[in-house]
Amino acid sequence: MQKEEQLKHIRDYVYTLFRDDETGHDYYHMERVARIAKMIAEVEQANEFLCEAAAWLHDVGDEKLFQNPKDSIKRTNAFLASILLKETDINTINHIISGVSYSKGVVVPDTLEGRIVQDADRLDAIGAIGIARTFAYGGANQQLMYHPTKKATSIQHFDDKLLKLKDFMHTKSAKELAIERHRFMESFLKQFYEEW
Ligand code: ADP
Ligand code: NI
């Protein structure tokens, strides 16, 4: 099977998994991350296919999103074998995915492809889309938008995580995109507090 055809199957598979997500991790999050990962991979001369495939699948097995994370990973690997991905590629994709999440700590992924997919995921957490996803996540998890003294609010998430992400980007392309998106979040927060 050609790589383009395999990617089409992966996209359709991801649609079935994430189409109903209301927490900011829907199908279009995967689509954006896949697009950005592919773009960065081209500039960085990394393996474009593996970056794109892993980016489509990067949230599979996330404990927030799957009732049975291990089972979702097992099924996905069986699916990848069914569309004739090589075992080495399946292993690499699993390795990339397991290194993506910020919540798993500040360990830098040990491959260029892993760093690219992590950059792409983090870019989708900042800027206008990042702001929208944060309030979508907060709403879906019964979290307050903002409270002047309480800590667990969506606005607090900007200080906890989102404003730090620009300094954690690995690739030059991601750093450049992040600066612009970071500025937009800062101006959003300034306006938010003014209106508050
Ligand atoms: P990762 O993709 O690194 O695993 P998460 O899945 O935890 O990170 O977060 C993805 C996005 O979900 C965040 O960028 C943010 O928009 C939203 N999110 C996660 N945790 C919170 C939170 N506590 N409050 C508001 N939004 C959150
Ligand atoms: Ni993600």
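Things worth noting here:
- Any pair with Cβ under 6 angstrom, 6 or more apart, that starts in segment 8-30 at a residue that is under 22 Å from GLY139 (Cα atoms) and ends at one that is open to solvent by 60 Å² or more (accessible area, probe 1.4 Å): THR23/TYR137; GLY24/TYR137; TYR27/TYR15; TYR27/ARG19
- When the test is whether a residue is modelled with pLDDT under 95 and out of contact with any Gly (no Cβ under 9 Å at 6 or more places or on another chain), ASP20 passes it.
- Taking the criterion of being touching a residue at least 24 places away in the same chain (Cβ under 8 Å), open to solvent by less than 30 Å² (accessible area, probe 1.4 Å) and more than 22 Å from ILE40 (Cβ to Cβ), the residues of segment 151-191 that qualify are ILE155, PHE158, LEU189.
- Subset of segment 32-72 that is more than 19 Å from GLU4 (Cβ to Cβ) and away from ligand 2 (no atom under 16 Å from the Cβ) - its residue that is surrounded by the most Cβ atoms within 10 Å (Cβ to Cβ): GLU44
- Number of positions in segment 91-113 that are more than 13 Å from ligand 1 (Cβ to nearest atom) and under 19 Å from the mean Cα position of the chain (by Cα): 10
- In segment 60-79, the residues that are touching a residue at least 60 places away in the same chain (Cβ under 8 Å) and touching a helix residue (DSSP H, G or I) at 6+ places or on another chain (Cβ under 7 Å): PHE79
- Check on ALA128, touching a Lys or Arg at 6+ places or on another chain (Cβ under 6 Å) and part of a helix (DSSP H, G or I): no
- The condition of being of a type in the set (D, E, K, R) and in a helix (DSSP H, G or I) holds for only one of ASP62, ASP110, ASP121, that being ASP121.
- Residue within segment 73-86 that is within 13 Å of ligand 1 (Cβ to nearest atom), part of a loop (DSSP other than H, G, I, E, B) and buried (at least 19 other Cβ atoms within 10 Å of the Cβ) present: no
- Hits in segment 31-53 - residues which are of a type in the set (S, T, N, Q) and without any contact (Cβ under 8 Å) to a residue 40 or more places away in the chain: GLN45
- Among the residues listed as ALA152, ALA178, the single one being touching a Leu at 6+ places or on another chain (Cβ under 8 Å) and away from ligand 2 (no atom under 16 Å from the Cβ): ALA152
- Residue match in segment 12-31 (condition: open to solvent by less than 20 Å² (accessible area, probe 1.4 Å) and more than 15 Å from ligand 2 (Cβ to nearest atom)): no
Here is a yes/no grid of residues against (1) over 16 Å from ASP59 (Cα atoms); (2) in contact (Cβ under 8 Å) with a residue 24 or more places away in the chain; (3) open to solvent by less than 20 Å² (accessible area, probe 1.4 Å):
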| residue | (1), (2), (3) |
| --- | --- |
| HIS95 | no, no, no |
| VAL107 | yes, no, no |
| THR111 | yes, no, no |
| ASP119 | no, yes, yes |
| ILE126 | yes, yes, yes |
| GLY138 | yes, no, yes |
| LEU144 | yes, no, no |
| THR149 | yes, no, no |
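The values are calculated or read from the model by the stated rules, or taken from the named source; none is laboratory data. Please read these numbers as outputs of a predicted model, since none were measured by experiment. Reconstructed Cβ throughout: ideal geometry from the backbone, glycine too, with neighbour counts over all protein chains shown. Just the protein is used for accessible areas: all its heavy atoms, side chains included, with ligands, DNA and RNA removed. Shrake-Rupley method; radii C 1.70, N 1.55, O 1.52, S 1.80 Å.
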